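Remarks on the structure that follows.
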Amino acid sequence: MNLPVHPVFQNILNSEHLKGTLFIPTTKAWDSFFATMRQRQGNPAAPAMVARYGQILLYHLAKDVQVPVADATPGINKFAVDTASTLQCTFGPGLPNNRLVIKKTPEAIIVQHGTGNATIMSQKIQYCGGEAYLVDQVLNPCSDIAAIMGEIANIPSPCKSNVEGVLNKNELTYFNALLLATGVQRPIFSSVRNFTLFVPSDEAIQNAFRSGALNYPYLYAKNATLLEGIVAYHAVPQFQFAGPSKQTLSMKTLLTEGTGEAQCSNPSISWRTDGFVYGGTGSARVSEGADRGCNTQIRVIDEVLQPCCKPMADLIGGPSGLAAKAPKGSIQAKAYQYLLSKVKDGAAGTTFIMPSADAWAQFEADATAQKVNLTNDKLEVLFSYLSTSAPITANSLAADPTVGSGAATSAAAAAGPVVLVDGQEMELRAGLAIPVSSMTYSCDGAIYNTDAVPLPCNVLNRTVVLPPPPPQQGWAQSVSWLLDVEGLFQIGK
């Protein structure tokens, strides 16, 4: 059957790295589960239920454990098993700590769960992550289905706008799913303390996942406490406000208080008067408006914050660095080696624009078509154009489309996405912009990833017809024309 599970949980459960013992309900068991839900007037497709299915499925997983269900256990006919679920059951608690209990009788092997007793319906099934067994019931961590629906409705204080409801209303479902997967939702949803949540948009989380900046399925499988720490890093346990007239705010987070862990000491974030929140790696623009759920203020940000960072030399070099992942002998590999040499020469704060392997391949094809010989000297000139020792900060990007030189000729509209302007096209007023697909941060620099190669003037001997000069006009009309031209470089959403 097609269970409407949130993509975050789908990716976690489909990860090749996830190991453990799985209990798989039969199709008949799921039919019975949904029939009961409808009898209790529940909506199986409600956003909060879609997120809860992921937690319920994790209740069917004994993570990193091979449970001796079908194997002999001399002298032991009953034992408890921890599961991966973090579902709270405040209104109808099941077994303590989201556990299962395995009972072995002469007639059957029973799996005791929050709602009752399920029976093992199959022999051991081998899968890539371990062993699995069919069961004749959906395992429920709460005392019954009504308890799950009651949990969602109240979570658990009866305020009109609970945190999860506000997150779903604002289409911030990916962060909500990560809260539920890691258990970080517990202090936030309880509404006992005040919180400010800096919530990455769904798009930001999906982009971070695609770029590898937040490989949450891998982290969940291999080091769940690190993933828990990253999610907790977005939760500040007090109300916070910032604006142009306020001082920079340095804030401690749930991670600082010990929720999850980080690979660096004392991770904190700062919310500055430029409208950005700064973390261990990079920055994110904070929404001007805020929503509120119970005792929590919710602010949307456009990037995932990371508490820790690597030096640029470690990020690029080494057997698992970015340079090693580039196609061998490709221009991209040469670009990484150039950047690595600059960093080793002491170019702290280096910012580099790194086109994708496909973009470099297209550049090579264009050069061949234009009969341009890409010598090492010519490539080094191009690499120099794509790098700068003066870091591009969020502040400078938002302020001026022609900051500095080299890679710092990047531009961003104050309210739009980061874009890079081709030097040739910029000079000819053609206004061609190359979006930044993702950003990779180090402690001492940043790499802006693009799907095309920004070029200095006329590297490929291309020609562009210049637009005719404007007719002679009055002062007001001339100013209007200039604003239109400047608009070519202010590319918004």
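The values are calculated or read from the model by the stated rules, or taken from the named source; none is laboratory data. All figures in this text were calculated on a predicted structure; none of them were measured in a lab. Quick reminder, even Gly has a Cβ in these numbers, built from the backbone with ideal geometry, and neighbours come from all protein chains shown. The protein model used for the area step is the full one, side chains on, heavy atoms only, and it has no ligands, DNA or RNA in it. Shrake-Rupley method; radii C 1.70, N 1.55, O 1.52, S 1.80 Å.
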> Looking at (1) open to solvent by 50 Å² or more (accessible area, probe 1.4 Å); (2) of a type outside the set (A, V, I, L, M); (3) part of a strand (DSSP E or B), which is the one condition that is false for Thr351?
Replying inline: (1)
>> Out of the residues in the stretch 85-118 meeting the condition of being over 17 Å from Leu57 (Cα atoms) and hydroxyl-bearing (Ser, Thr, Tyr), tell me which one is farthest from the chain's Cα centre (by Cα).
In response: Thr105
>> Can you report the number of residues in the stretch 300-316 which are aliphatic (A, V, I, L, M) and open to solvent by 10 Å² or more (accessible area, probe 1.4 Å)?
In response: 4
>> Quick check on the stretch 144-162. Is at least one of its residues touching an Asp or Glu at 6+ places or on another chain (Cβ under 8 Å), β-branched (Val, Ile, Thr), buried (at least 23 other Cβ atoms within 10 Å of the Cβ) and at pLDDT 90 or above?
In response: no
> Which of the residues belonging to the stretch 307-342 are of a type in the set (D, E, K, R), free of Cβ contacts under 8 Å to residues at least 12 places away in the same chain and assigned to a loop (DSSP other than H, G, I, E, B)?
Replying inline: Lys328
>> Cβ-Cβ distance below 6 Å, separation of 6 or more or different chains: which pairs start in the stretch 354-380 with a residue that is within 25 Å of Thr440 (Cβ to Cβ) and end on one that is open to solvent by 50 Å² or more (accessible area, probe 1.4 Å)?
In response: Ser356/Asp451; Ala357/Pro327; Ala359/Asp451
> Among Thr86, Thr21, which is the only one that is touching an Asp or Glu at 6+ places or on another chain (Cβ under 7 Å) and either modelled with pLDDT of 85 or more or not in a helix (DSSP H, G or I) (or both)?
Replying inline: Thr21
> Taking the stretch 95-114, which residues are farther than 23 Å from Thr182 by Cα and either in contact with a Pro (Cβ under 6 Å, 6 or more places away or on another chain) or not in a strand (DSSP E or B) (or both)?
Replying inline: Thr105, Pro106, Glu107, Ala108
> Just checking, which of Thr273, Thr296, Thr256 is more than 21 Å from Pro187 (Cα to Cα) and either more than 20 Å from the chain's Cα centre (by Cα) or free of Cβ contacts under 8 Å to residues at least 24 places away in the same chain (or both)?
Replying inline: Thr273
> What tally of residues in the stretch 73-114 results from selecting those that are farther than 16 Å from Arg52 by Cα and either touching a helix residue (DSSP H, G or I) at 6+ places or on another chain (Cβ under 9 Å) or small (Gly, Ala, Ser) (or both)?
Replying inline: 4
> Of all the residues that make up the stretch 119-143, how many are hydrophobic (A, V, I, L, M, F, W, C), over 36 Å from the mean Cα position of the chain (by Cα) and open to solvent by 30 Å² or more (accessible area, probe 1.4 Å)?
Replying inline: 1
>> Exactly one of these conditions fails for Lys63: (1) open to solvent by 20 Å² or more (accessible area, probe 1.4 Å); (2) out of contact with any helix residue (DSSP H, G or I) (no Cβ under 9 Å at 6 or more places or on another chain); (3) more than 28 Å from Val166 (Cα to Cα); (4) not β-branched (Val, Ile, Thr). Give me its number.
In response: (2)
> In the stretch 319-337, which residues are under 30 Å from Leu455 (Cβ atoms) and open to solvent by 30 Å² or more (accessible area, probe 1.4 Å)?
Replying inline: Leu322, Ala324, Lys325, Pro327, Lys328, Gly329, Lys334, Gln337
> Taking into account only those residues within the stretch 33-53 that are of a type in the set (D, E, K, R) and assigned to a helix (DSSP H, G or I), which is farthest from Gln10 (Cα to Cα)?
Replying inline: Arg38
>> Which of the strands (runs of 3 or more DSSP E) found entirely inside the stretch 203-299 contain at least 1 residues meeting this: open to solvent by 50 Å² or more (accessible area, probe 1.4 Å), over 24 Å from Asn449 (Cα atoms) and at pLDDT below 90?
In response: 249-251, 291-293
> Does Gly75 satisfy being in a loop (DSSP other than H, G, I, E, B), without any contact (Cβ under 8 Å) to a residue 60 or more places away in the chain and either of a type in the set (A, V, I, L, M) or open to solvent by 40 Å² or more (accessible area, probe 1.4 Å) (or both)?
Replying inline: yes
>> Every residue in the stretch 31-52 that is within 27 Å of Lys103 (Cβ to Cβ) and surrounded by fewer than 17 Cβ atoms within 10 Å (Cβ to Cβ), please.
In response: Asp31, Ser32, Phe34, Ala35, Thr36
> Among Leu167, Leu197, which is under 18 Å from Gln238 (Cβ atoms), out of contact with any Pro (no Cβ under 7 Å at 6 or more places or on another chain) and surrounded by 22 or more Cβ atoms within 10 Å (Cβ to Cβ)?
Replying inline: Leu197
